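Chemist: One structure follows; several queries about it will come next.
The values are calculated or read from the model by the stated rules, or taken from the named source; none is laboratory data. What you see is a predicted model, and the numbers here were worked out from it, not measured in a lab. We place every Cβ from the backbone using ideal geometry, glycine too, and count neighbours over all the protein chains shown.
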Amino acid sequence: MPQPKSPQTVAAANGIATDSAFKAVAPPVHLSSSYAFDGFGRAGRYDYTRSGNPTRDLLADTLAKLEAGAGAVVVSSGMAAIDLVLSSLEPGDLVVAPHDCYAGTWRLLSARRAKRQFEVRFVDQTDGEALAAAMACGPRLVLIESPSNPLMRIVDIREIAAQARSAGAKVVVDNTFLSPALQQPLRLGADFVVHSTTKYLNGHSDVVGGAVVAANPADVEALASWANVTGVTGAPFDAYLTLRGLRTLFARVERQQQTAAELAGFLQRHPAVKAVHYPGLRTHPGHEIAIAQQRGFGAMLSFEISSGVEGVRRFCGAIEVFTLAESLGGVESLVAHPATMTHVSMSADVRRAAGIGENLLRLSVGLESKADLEADLARGLEASASG
């Protein structure tokens with residue numbers, strides 16, 4: 001019987017040398033849209049790529065193994081993954097979601113609520129009383145984002161999952177910021193994990209995709225069936241590129257988070273910085289919870305510039321190594337201004353309630369030299385304070 005393999009080995013080698021046709025070491029990409037039947041009324045394992053595809057299935061199998069799940073469904077984007085999990089809800093069902101979640105998720109939940117497809121309650125999940133009050137309303141689904149985007153708030157996934165189970169709700173965790181290299185929410189009690197595979201899993205900023213991993217085989221089957229019905233399944237070539245990027249996930253994340261930790265310390269000491277949000281800092285309110293449920297602190301962080309939005313403008317005009325762009329998790333370092341970029345779809349009042357100010361910048365730390373990145377931040381911060 002095959003022995004269980006470590007996650008690092010799964011990422012690097014799942015599906016290697018399994019090609020039955022030509023013994024190719026690297027798994028081939030299957031781009032065909034359709035597959036021949038064995039005969040009248042005798043379909044093979046695959047018939048049409050929307051329903052199933054060998055390349056996409058290999059990526060799904062790899063992700064399920066990495067997240068310790070029963071299976072996975074690979075879809076066209078991270079938002080499609082969130083929406084797929086929401087597909088089981090009925091009118092009147094309640095979703096409890098973080099008040100500071102990714103704006104795309106906030107927008108989707110708000111739009112579905114406006115169509116009366118379900119109810120939503122946005123809650124500060126670090127507030128025990130507010131969370132307990134929401135659980136008392138009998139939710140069907142609880143959405144967790146830990147670390148949160150962009151303020152890097154940490155919540156106790158085990159505790160919230162236990163509360164949700166007592167309330168009769170299922171739990172979905174967005175694990176995009178950490179990836180299974182650093183956190184496995186299903187082992188902490190979650191029912192579903194969602195990913196924007198665009199980010200760390202692919203890691204090269206050249207594919208848009210998403211995935212849902214489920215703990216229960218029946219949930220996997222239901223999700224796969226609905227993805228086929230709605231046609232949101234991912235393209236084979238996108239799956240091929242994502243799997244190719246996934247091979248180096250652990251090596252990339254290890255180097256990126258090491259650099260991120262050093263940059264967080266640099267920013268914390270800089271006089272032009274008002275606050276730094278990074279769970280690896282001992283001053284972060286979620287530091288101890290992060291230690292308990294994560295295998296590292298990740299390569300995402302955010303910070304607040306002391307000189308306000310004009311300081312942000314000067315900072316962005318001075319940087320040379322960081323690129324001002326949306327997205328995250330690639331080999332290149334990016335900076336984003338959430339209020340005008342990733343979270344612009346939120347109203348100003350909602351952003352204010354979540355703590356997302358005009359002076360907040362989010363960093364995705366890549367694989368460049370730490371010295372170059374630190375010098376770039378210093379250059380930007382000097383410019384920010386020069387007004």
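Chemist: Among the residues in the range 343-366, are any in contact with a Cys (Cβ under 8 Å, 6 or more places away or on another chain), among the small types (Gly, Ala, Ser) and either under 14 Å from GLU262 (Cβ atoms) or at pLDDT 95 or above (or both)?
Modeler: No, that holds for no residue.
Chemist: Any idea which residue in the range 21-71 is farthest from GLY231 (Cα to Cα), counting only those that are of a type in the set (Phe, Trp, Tyr) and touching a residue at least 12 places away in the same chain (Cβ under 8 Å)?
Modeler: As a first pass, look at the range 21-71 and keep what is of a type in the set (Phe, Trp, Tyr): 22, 35, 37, 40, 46, 48.
Filter once more, so that each one left must be touching a residue at least 12 places away in the same chain (Cβ under 8 Å): 35, 48.
Numbers: TYR35: 18, TYR48: 11 Å.
Residue satisfying both the conditions and the ranking: TYR35.
Chemist: Here's another thing I want to ask about it. When you go through VAL321, VAL331, VAL312, VAL344 one by one, which is the residue that is crowded, with 20+ Cβ neighbours inside 10 Å and either closer than 23 Å to HIS99 by Cβ or not assigned by TED's automatic domain parsing to the domain that holds LEU188 (or both)?
Modeler: VAL312 is the lone residue from the list that is crowded, with 20+ Cβ neighbours inside 10 Å and either closer than 23 Å to HIS99 by Cβ or not assigned by TED's automatic domain parsing to the domain that holds LEU188 (or both).
Chemist: Report, by residue number, each residue of the range 127-163 that is surrounded by 18 or more Cβ atoms within 10 Å (Cβ to Cβ), free of Cβ contacts under 8 Å to residues at least 60 places away in the same chain and in a helix (DSSP H, G or I).
Modeler: Of everything in the range 127-163, those that are surrounded by 18 or more Cβ atoms within 10 Å (Cβ to Cβ), free of Cβ contacts under 8 Å to residues at least 60 places away in the same chain and in a helix (DSSP H, G or I) turn out to be LEU131, ALA134, MET135, ILE160, ALA161, GLN163.
Chemist: Any residue at all in the range 353-360 that is surrounded by 17 or more Cβ atoms within 10 Å (Cβ to Cβ) and over 13 Å from PHE303 (Cα atoms)?
Modeler: Scanning the range 353-360 turns up at least one residue that is surrounded by 17 or more Cβ atoms within 10 Å (Cβ to Cβ) and over 13 Å from PHE303 (Cα atoms).
Chemist: Follow-up. Might you let me know whether the range 110-126 holds any residue that is part of a loop (DSSP other than H, G, I, E, B), in contact (Cβ under 8 Å) with a residue 40 or more places away in the chain and within 19 Å of ASN175 (Cα to Cα)? Steps first, answer last, please.
Modeler: Step one: filter the range 110-126 for residues part of a loop (DSSP other than H, G, I, E, B), giving 115-118, 124-126.
The next check asks that each one be in contact (Cβ under 8 Å) with a residue 40 or more places away in the chain; those that pass are 126.
Those still in the list that are within 19 Å of ASN175 (Cα to Cα) too: 126.
Yes, the conditions are met somewhere in the range 110-126.
Chemist: Could we say that ASP93 is among the acidic types (Asp, Glu) and touching a residue at least 60 places away in the same chain (Cβ under 8 Å) here? Walk me through how you get there before you give the answer.
Modeler: Working: among the acidic types (Asp, Glu): yes; touching a residue at least 60 places away in the same chain (Cβ under 8 Å): no.
Spelling it out, it is not the case that ASP93 is among the acidic types (Asp, Glu) and touching a residue at least 60 places away in the same chain (Cβ under 8 Å).
Chemist: Follow-up question, since we're still on this one. For the range 84-99, what are the residues that are within 19 Å of GLY234 (Cα to Cα) and touching a Gly at 6+ places or on another chain (Cβ under 9 Å)? Talk me through it step by step, then tell me what you get.
Modeler: The initial filter retains those residues of the range 84-99 that are within 19 Å of GLY234 (Cα to Cα), namely 84-87.
Across the range 84-99, the qualifying residue is only LEU84.
Chemist: Given the conditions (1) in a helix (DSSP H, G or I); (2) in contact with a strand residue (DSSP E or B) (Cβ under 8 Å, 6 or more places away or on another chain), and given that VAL212 satisfies all but one, which numbered condition is not satisfied?
Modeler: (1)
Chemist: In this structure, is ALA383 closer than 17 Å to LEU151 by Cβ and either modelled with pLDDT of 95 or more or of a type in the set (Lys, Arg) (or both)?
Modeler: no
Chemist: Here's a follow-up. Being of a type in the set (Val, Ile, Thr), in a helix (DSSP H, G or I) and surrounded by 15 or more Cβ atoms within 10 Å (Cβ to Cβ): is that true of VAL73 here? Step through it out loud before you land on a result.
Modeler: Details: of a type in the set (Val, Ile, Thr): yes; in a helix (DSSP H, G or I): no; surrounded by 15 or more Cβ atoms within 10 Å (Cβ to Cβ): yes.
So VAL73 fails the test.
Chemist: Has the range 12-25 got any residue that is within 21 Å of LEU241 (Cα to Cα), assigned by TED's automatic domain parsing to the domain that holds VAL75, out of contact with any strand residue (DSSP E or B) (no Cβ under 7 Å at 6 or more places or on another chain) and outside any loop (DSSP other than H, G, I, E, B)?
Modeler: Yes; the residues of the range 12-25 include at least one that is within 21 Å of LEU241 (Cα to Cα), assigned by TED's automatic domain parsing to the domain that holds VAL75, out of contact with any strand residue (DSSP E or B) (no Cβ under 7 Å at 6 or more places or on another chain) and outside any loop (DSSP other than H, G, I, E, B).
Chemist: Sticking with this structure for a sec: Keeping to the range 164-212, report how many residues are under 22 Å from LEU241 (Cβ atoms), among the β-branched types (Val, Ile, Thr) and within 11 Å of the chain's Cα centre (by Cα).
Modeler: The total comes to 6.
Chemist: Does ALA375 satisfy the criteria of being surrounded by fewer than 23 Cβ atoms within 10 Å (Cβ to Cβ), more than 26 Å from the chain's Cα centre (by Cα) and closer than 16 Å to ALA260 by Cα? Explain how you work it out, then say what you get.
Modeler: Numbers: surrounded by fewer than 23 Cβ atoms within 10 Å (Cβ to Cβ): yes; more than 26 Å from the chain's Cα centre (by Cα): yes; closer than 16 Å to ALA260 by Cα: yes.
Yes, satisfied.
Chemist: Can you list the helices (runs of 4 or more DSSP H) lying wholly within the range 284-377 that have 1 or more residues being within 19 Å of GLY265 (Cα to Cα) and touching a residue at least 60 places away in the same chain (Cβ under 8 Å)?
Modeler: Working: elements: 287-293, 308-318, 348-354.
Helices (runs of 4 or more DSSP H) meeting the threshold: 287-293, 308-318.
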